[in-house]
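Working notes, beginning with the structure itself.
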Amino acid sequence: MDLITTGDLGRFASAHDGPKISIYMPTHRTAPDVKQDRIRLKNLVGEVQDRLEASDHRRDEITPIVSPLMKLVESDAFWEARSDGLAVLADADVMKTYRLPASFEPVAAVSPRYLLKPLIGFLATDCRYFVLALSRNSVRLFQASRLSVSEVDLESVPTSLAEALRFDDPESQLQFHTGTSQSSNGPDRRAMFHGHGVGTDDEESNTIRFLKKVDKGLHDVLADEHAPLVLAGVKDLLACYRGVNTYSHLVDGEAEGNPDHMSGKELHERTWSIVEPVFLKGLREAFEQFAQLHGERSDLAVTGLEDVVACAHEGRVRTLFAARGEHVWGTFDPEAVEVTRHDSSTDENLELIDFAAVRTFATRGEVYVVPPDRVPGDGHLAAVLRF
């Protein structure tokens, strides 16, 4: 599964030269449904091509964009790895794909900026968190949301104690082997070391070195992240890991037991109850703050798309409520502070809800992408302002 970070989102938000293609769609994890997913992606790519042609782009401008998208449709290797949703962001020079544990509503957009609200919703609203399943024999990282979970490919993180220490201290000719417990509820067996003067102290020292390497690798993977991280493993090893952890959003609760025999689904079931209160608390407090300010007729509680878009552009939005699945196309004139609505997307129009969400996200505001009927004021956008 692919990993998207807030840093990635920031880079996409700053790109607005030439037509930007944004495709989102739900996908299936089971092989029989892949054909259906390919057909849906092919149809969405066809919509992109139609809109580019309707905007009077030349064939030599359209081909560099559409051709890689069609190759993606036809790639057997690409469809071997599946999750619940697919996001594709592309222009004439690059194409980036994300297979994520989120079921996106299908959309194909051509605009001066990437359509990022679905990804912001995934990052900020859909209860996204990480699970680190940690034992001396295996290191796995999962990205999870409220309803789903997928394993993240690890490159810079050692996947076991043996791998982490393989090239350390070669002069000691250290040899070791590991064993696992016979049940998922049993104790995690410690690695056994053989070498010059190796004993309990060396065993503990090597465990700490291993965990520090895991933490360093995760620091690279989770750079700029703010999502909660939940640990899964045996109690003594997790206590050691907490001693070396440098990730700021490690939560207090943990899923105890040997995680080597736990599937992603089981890890999700055992960790969701740990992080759910964290997410519910933040959303509840955001709604309560808006309701209080709105009830006091404060100028800091704003509804109406035009007003919220203008405030977001000015960096004044502390908390934004944006309607999930809704699209309002148009333009925003920053000098006149004027919003004009249009009927459909073109490579000259903005998706205005998306524009407000991206601007709020970029200015370090909180963004909640919620069902349309939960947006305060019964509109597409509502906001709590900083000033």
- Query: Between E61 and T97, what is the label-to-label distance in nm when each label sits 7 Å out along the Cα-to-Cβ direction?
  - Reply: 2.7 nm
- So for the range 245-287, what percent of the C-alpha to C-alpha distances run longer than 18 Å? 43 percent
- Between D2 and residues 5 or more places away or on another chain, the pairs with built amide H atoms under 5 Å apart involve R99
- What is the antiparallel percent of DSSP beta bridges lying wholly in the chain, to the nearest 5? 80 percent
- Message: From the phi angles alone, apply the Karplus equation (6.51, -1.76, 1.60; θ = phi - 60°) to the range 131-144 and give each ³J(HN,Hα) in whole Hz, x where the residue is Gly or Pro.
- Response: 10, 9, 8, 10, 9, 6, 9, 7, 10, 10, 10, 10, 9, 10
- Query: For the Cα atoms of the chain, what angle does the longest principal axis make with the long axis of helix 59-74, in degrees from 0 to 90, nearest 10?
  - Reply: 40 degrees
- Message: Compute the distance from the alpha-carbon center of the range 1-58 to that of the range 145-164, in whole Å.
- Response: 26 Å
- Evaluated at 20 °C and 1.002 mPa s, the Stokes-Einstein D of the range 35-97 based on the Kirkwood radius over Cα pairs, in µm²/s, stands at 173 µm²/s
- Message: Quick check: with the 1.4 Å probe, what order do S273, S248 take by accessible area, largest first?
- Response: S248, S273
- Any chance you could check the Cα centroid distance between the range 64-91 and the range 323-369 for me, in angstrom? 26 Å
- Can you tell me what the convex hull of the Cα atoms of the range 317-385 projects to on average, as an area in nm²? 4.9 nm²
- Note on the structure: Filtering GluC sites (Glu not before Pro) in the range 228-316 by DSSP loop and by at most 13 other Cβ atoms within 10 Å leaves E296
- Projecting the Cα atoms of L267, P32, A382 onto the charge dipole of the chain, where Lys and Arg contribute +1 and Asp and Glu -1 at Cβ, the residue farthest towards the positive end is L267
- Item | Highest-first arrangement of 233-240, 143-150, where packing means the average Cβ count within 10 Å | 143-150, 233-240
- Item | Dimensions (Å) - the range 205-244, Cα atoms, principal axes, largest first | 29, 18, 13
- Once you charge only the Cβ atoms, +1 for Lys and Arg and -1 for Asp and Glu, what is the size of the charge dipole of the chain about its Cα centre, to the nearest 20 debye? 640 debye
- Say the cut-off is 27 Å between C-alpha atoms; which of K212/K235; K35/K265; K96/K117; K20/K265; K213/K281; K35/K96 go over it? K20/K265; K213/K281
- Task: Can you send over the solvent-accessible area of H268, 1.4 Å probe, protein chains only, in Å² to the nearest 10?
- Result: 30 Å²
- Item | Those residues of the range 209-224 whose amide nitrogen sits under 12 Å from the label point placed on T159, 7 Å along Cα→Cβ | none
- In degrees from 0 to 90, rounded to the nearest 10, what is the angle of the helix 264-295 Cα long axis to the longest principal axis of the chain? 40 degrees
- Give me the distance in nm between label points sitting 7 Å out from Cα along the Cα-to-Cβ direction at A15 and D333, one decimal. 3.0 nm
- Compare T271, T63, T331 by solvent-accessible area with a 1.4 Å probe and give them largest first, with all protein chains kept in place. T63, T331, T271
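Please report the antiparallel percentage of DSSP beta bridges with both residues in the range 231-387, rounded to the nearest 5.
65 percent
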- Query: Once phi is turned into θ = phi - 60°, what whole-Hz ³J(HN,Hα) does the Karplus curve with 6.51, -1.76 and 1.60 give for every residue of the range 91-104, x standing for Gly and Pro?
  - Reply: 9, 5, 10, 9, 9, 10, 10, 9, 9, 10, x, 8, 8, 6
- Item | With all protein chains modelled, accessible area of F104 [1.4 Å, Å²] | 10 Å²
- Message: Using the crude model of +1 on Lys and Arg Cβ and -1 on Asp and Glu Cβ, and no other charge, please compute the dipole size for the range 241-376 relative to its Cα centre, in debye to 20.
- Response: 460 debye
- Query: Say a paramagnetic label sat at a point 7 Å from the Cα of F78, along Cα to Cβ; which residues of the range 96-125 have their backbone N under 13 Å from it?
  - Reply: 96-99
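So if I place +1 on the C-beta of Lys and Arg and -1 on the C-beta of Asp and Glu, and nothing else carries charge, what would the dipole magnitude of the range 302-387 be about its Cα centre? I want it in debye, nearest 20.
Dipole size: approximately 560 debye.
For the full complex of protein chains and a 1.4 angstrom probe, list D307, D343 by accessible area with the highest value first.
D343, D307
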- Give me the Debye-computed log₁₀ of I(q)/I(0) at q = 0.09, 0.11 Å⁻¹ for the chain, equal point scatterers on Cα only, no solvent, two decimals. -0.62, -0.86
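The values are calculated or read from the model by the stated rules, or taken from the named source; none is laboratory data. Note that the structure is a prediction, hence the values are computed from the model and not measured. Note that we place each Cβ from the backbone using ideal geometry, even for glycine, and neighbour counts take in every protein chain shown. What goes into the accessible areas is simple: the full protein's heavy atoms, side chains included, and nothing from ligands, DNA or RNA. Shrake-Rupley method; radii C 1.70, N 1.55, O 1.52, S 1.80 Å.
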